[in-house]
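S.K.: Provided herewith is a single structure, encoded as structure tokens, for subsequent inquiry.
The values are calculated or read from the model by the stated rules, or taken from the named source; none is laboratory data. Note that this is a predicted model, so its numbers are computed, not measured. Glycine gets a Cβ as well: all are built from the backbone with ideal geometry, and neighbour counts include every protein chain shown. Areas reflect the complete protein model, heavy atoms only, side chains present, ligands, DNA and RNA absent. Shrake-Rupley method; radii C 1.70, N 1.55, O 1.52, S 1.80 Å.
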Amino acid sequence: MKFSVRKKFHLFQSRTRIWETSPAQLDHYRIIFILSGEGQFILDGTMYSYTGHGIIILKPGQQPVFQEDNGTEIFMIAFDTYLSDNFQKKKAFSPDFADTYKLAENLCNGFRISQGHSIANERDSKTIHSLIRQITFEVAQRPASHIKLIRGSIEMIVTILARNNFETKKTEEKTSRQVLTEHMIEYLRNELHQNKSIRIPEFLFRFNVSEEVANLCILNQTGMSLRNFIFKYKSDLFKSRMLKVDVMELSAYLRRH
């Protein structure tokens, strides 16, 4: 199946072997949906696995090579990069699809969902594939309203993917912040156990953070600001040595999360 709306989008559905023999729309941003099959593919020298309902995001010029035992069926939406140059000017003449294109472009350039796999939200994944079925039906039937319905379905697919991509980004940022917090607390504990003085400017420089960020990280973990944590831990360390017990017995705030 091939279907195009000039200077907006192009649709393509086939087995991967057929698609690879004549790469379609290589110059555009593309979203590939795995309709059936599973296996591996190589993209920019890296091998990925793919499964049913998986998604592959491609920038202009990128071309995956599928390593498959049986034919895998894909559905592709290509977003015509005609709109990329002088976007605002072209948007004024073609506003009905320009924002969807820009959202798709940003998604492809900042994709964080695992290549080849379905999105984590099962309901959204099912909705996307229901929309794909609707698109293929409209292409086949071609009623008078089919262009508008196809365009609306594509807009919904891109919006759902962008939402899930944003949620993945938030999770990654949270994980990264947690690792930073653990490193900061471990450093403070080691320094205080060696009876070293903590100089806040040097500490902030070491971890390349502002005091505001350091306070936020340690507050989320312990319920205390950076300076209060240092004071409290020094106090607990002194008590633990006097009582000859492990300092962790006195510092329950480190076990909050």
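S.K.: In nm, give the distance between the simple-model label positions of Lys91 and Gln141, each being 7 Å from the Cα along the Cα-to-Cβ direction.
M.R.: Spacing of the two 7 Å Cα→Cβ label points: 3.3 nm.
S.K.: Right, another one. Going toward the positive end of the dipole of region 5-115, with +1 on Lys and Arg Cβ and -1 on Asp and Glu Cβ, which of Ala92, Ala78, Gly45 do you reach last?
M.R.: Ala92
S.K.: Test of understanding: extend the Cα→C-beta vector of Asn106 to 7 Å, then name every residue of region 121-152 with backbone N under 17 Å from that spot.
M.R.: none
S.K.: As a test question: what accessible area, to the nearest 10 Å², does Asp44 have when a 1.4 Å probe is rolled over all protein chains in place?
M.R.: Approximately 110 Å² for this residue.
S.K.: Continuing with the same structure: Taking a probe of 1.4 angstrom, what is the accessible area of Val179 in Å², to the nearest 10?
M.R.: 60
S.K.: Something else now. Pop a pseudo-label 7 angstrom from the Cα along the beta-carbon direction at both Asn208 and Met242 and give the gap in nm to one decimal.
M.R.: So the two model labels end up 4.2 nm from each other.
S.K.: What is the spin-label model distance, in nm, from His117 to Leu216 if the labels are put 7 Å beyond Cα along the C-beta direction?
M.R.: 2.7
S.K.: Rounded to the nearest 20 debye, what is the charge dipole size of region 1-139 about its Cα centre when +1 sits on each Lys and Arg Cβ and -1 on each Asp and Glu Cβ?
M.R.: The dipole of region 1-139 has a size of about 480 debye.
S.K.: Oh, and also: Pop out the carbon and sulfur fraction of the accessible area of the chain as a percent, whole number, probe 1.4 Å. Write down the numbers at each step before the final one.
M.R.: Numbers: 7230 of 14460 Å².
Carbon plus sulfur share of accessible area: 50 percent.
S.K.: Express the accessible area of the chain per residue in Å², computed with a 1.4 Å probe while the remaining protein chains stay in the model.
M.R.: Working: 14460 Å² over 257 residues.
Counting only protein heavy atoms, the per-residue value for the chain is 56 Å².
S.K.: Oh, and also: Subtracting the Cα-Cα distance from 0.36 nm times the residue separation, let me have the gained length for Arg199 to Lys232 in nm, one decimal.
M.R.: Numbers: separation 33, 0.36 × 33 = 11.88 nm, distance 1.58 nm.
That works out to 10.3 nm of additional length.
S.K.: A further question on this structure: Per residue of region 94-102, in order, report the coupling 6.51 cos²θ - 1.76 cosθ + 1.60 (Karplus, θ = phi - 60°) as ³J(HN,Hα) in whole Hz, putting x for Gly and Pro.
M.R.: 9, x, 5, 10, 4, 5, 5, 4, 5
S.K.: Using 16 Å as the cut-off for backbone N distance, which residues of region 96-131 belong to the label zone defined by a point 7 Å from the Cα of Thr51 along Cα→Cβ?
M.R.: So the set is 113-126.
S.K.: Just to make sure I understand: if all protein chains stay in place, what is the order of His129, His117 by accessible area at 1.4 Å, largest first? Mind dumping the intermediate values first?
M.R.: Details: His129 10, His117 70 Å².
The ranking, largest first, comes out as His117, His129.
S.K.: Evaluate the charge dipole of the chain about its Cα centre and quote only its size in Debye, nearest 20, assuming +1 on the Cβ of each Lys and Arg and -1 on the Cβ of each Asp and Glu. Kindly include the intermediate steps, with their values, before the conclusion.
M.R.: Working: 36 positive and 28 negative charges, 138 e Å.
Roughly 660 debye for the chain.
S.K.: Rounded to the nearest 500, what is the 222 nm mean residue ellipticity of the chain from helices alone, with -39500 (n - 2.57) per DSSP H run of 4+ residues and division by all residues?
M.R.: Numbers: 8 runs with 134 residues, N = 257.
For the chain, the value works out to -17500 deg cm²/dmol.
S.K.: Of the listed values (i) 29.5, 96; (ii) 20.9, 71; (iii) 26.1, 85, identify the label whose number matches Rg and Dmax of the Cα atoms in Å calculated from this model.
M.R.: Structure-derived value, by its label: (iii).
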